[in-house]
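Written below as structure tokens is the structure these notes are about.
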Amino acid sequence: QVQVVESGGGLVRPGGSLTLSCSASGTISSRNYMAWYRQSPGREREFVASITKQDMKTISGSVKGRFAISRGDVTNTIYLQMNRLRPEDTAIYYCKLVGGGDYWGQGTQVTVSS
């Protein structure tokens, strides 16, 4: 069984910064890539960023220039560095591992509000 766990969410003021963490554990045959998604109330879950094991990164246009994705020193750990946050960034942020299947975390809430 593969487990994906996110952490680091919370309340932040507009213009502030927050860093999310994601760690995957269990029997993972192949980690093709890991990614961040988010879902706001009344909206479909949307792609935010992804990173491959070769460090190839993809950032969605809505957060490009403000967010950055990176790999941690620990195997199957990634981060999402969020800067200059806006109220519209408010969402539950989910981590996904793709490798022999898609594995999702439980999500972590990010609220951007004054």
Most fluctuating residue of Gly101, Gly15, Gly26 in a GNM of the chain with Cα springs under 10 Å: which is it? Gly26
How much accessible area per residue does the chain have, in Å², with a 1.4 Å probe? 53
If you place +1 on the Cβ of every Lys and Arg, -1 on the Cβ of every Asp and Glu, and leave all else neutral, what size is the dipole of the chain about its Cα centre, to the nearest 20 Debye? 240
Length-normalised contact order for the chain - Cα pairs under 8 Å, 6+ apart - percent: 38
Residue by residue, what Karplus-based ³J(HN,Hα) values in Hz, rounded to whole numbers, does the range 21-30 have, using 6.51, -1.76 and 1.60 with θ = phi - 60° and x for Gly and Pro? 10, 9, 10, 10, 9, x, 7, 10, 5, 7
Please turn the phi angles of the range 40-46 into ³J(HN,Hα) values with the Karplus equation 6.51 cos²θ - 1.76 cosθ + 1.60 (θ = phi - 60°), one per residue in order, whole Hz, x for glycine and proline. 9, x, x, 10, 6, 5, 10
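What shape does the chain take by its C-alpha gyration tensor, where a ≥ b ≥ c are the square roots of the eigenvalues and a/c under 1.5 counts as rounded, a/b above b/c as prolate, and the rest as oblate?
prolate
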So for R0 = 22 Å, FRET eff. of Gln54-Thr77 from the Cβ-Cβ r, to 0.05, ends up at 0.85
Signed unit charges on C-beta, dipole axis of the chain, positive-most listed residue Ala35, Ser114, Thr90: Ser114
Under Karplus coefficients 6.51, -1.76 and 1.60, residue-wise ³J(HN,Hα) of the range 55-70 in Hz, glycine/proline x: 6, 6, 10, 10, 10, 5, x, 6, 10, 4, x, 10, 10, 9, 10, 8
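The values are calculated or read from the model by the stated rules, or taken from the named source; none is laboratory data. Model, not experiment: these values are computed from the prediction. Quick reminder, even Gly has a Cβ in these numbers, built from the backbone with ideal geometry, and neighbours come from all protein chains shown. The protein model used for the area step is the full one, side chains on, heavy atoms only, and it has no ligands, DNA or RNA in it. Shrake-Rupley method; radii C 1.70, N 1.55, O 1.52, S 1.80 Å.
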